[in-house]
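The values are calculated or read from the model by the stated rules, or taken from the named source; none is laboratory data. On a predicted model such as this, the values are computed, not experimentally measured, just so you know. Reconstructed Cβ throughout: ideal geometry from the backbone, glycine too, with neighbour counts over all protein chains shown. Keep in mind that these areas ignore ligands, DNA and RNA; they rest on the heavy atoms of the full protein, side chains included. Shrake-Rupley method; radii C 1.70, N 1.55, O 1.52, S 1.80 Å.
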Amino acid sequence: LKQHLPKLAAHLAACGFDAGVFIPAWVMPLFVGVLPVSAAVPVWDFLLTREPGIGPSAAPLAVCVALFKMHADVLMGLNDPGEMLVELTQRAQCTCDGLRLVKMAHELKLQPATVRALRRRHRGRLAHEAAERLPPPPRPP
């Protein structure tokens, strides 16, 4: 988001909204239950085929960024992370134009090398955050 939607990324961060929460929730089920079926089908085609200029490992992230881009104007008008969460979830579920979403994702031209570099750069922080969320190990009897 910082690279493709810097104003929105700054606004979300200032409001305490962690956009990264959506990525696993959207990508793991391949957007099933996130988008209506009519919008999900073109997204599945995009995710499951190799497109010139975008690698398959970058496509899911590109769709996530495109969803934020599609609804950036509304999100920029909100300041409460809870409202942002509800609004973005509802708007994603009402996204009817899957072809437009795919076109927006494709226009981002995210490359697998970029995604790998981002993963490497943030791996330590993400591992630390994940460890903080895990419950403590059980104590021996």
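If you place +1 on the Cβ of every Lys and Arg, -1 on the Cβ of every Asp and Glu, and leave all else neutral, what size is the dipole of the chain about its Cα centre, to the nearest 20 Debye?
Values: 16 positive and 11 negative charges, 142 e Å.
It comes to approximately 680 debye.
Given Q93, F22, P6, which one lies farthest toward the positive end of the charge dipole of the stretch 6-133, if we put +1 on the Cβ of every Lys and Arg and -1 on the Cβ of every Asp and Glu?
P6
Could you give P(r) for the chain, binned at 10 Å from zero, as whole percent values over all Cα-Cα pairs?
Bin by bin from 0 Å, the calculated values are 11, 39, 35, 12, 3, 1.
Using a Cα-Cα cut-off of under 12 Å, which aspartates and glutamates could be cross-linked to K7, ignoring same-chain neighbours fewer than 8 residues away?
D73
What angle do you read, to the nearest 10 degrees and between 0 and 90, between the alpha-carbon axis of helix 81-93 and the longest principal axis of the chain?
Value to nearest ten degrees: 40.
Could you tell me which residue out of A105, A59, H122 lies farthest along the dipole of the chain toward its positive end? Charges go on the beta carbon: Lys and Arg +1, Asp and Glu -1, centred on the Cα centre.
Value computed over the given set: H122.
Heads up, I need the accessible area for E87: 1.4 angstrom probe, whole protein in place, Å², nearest 10.
50
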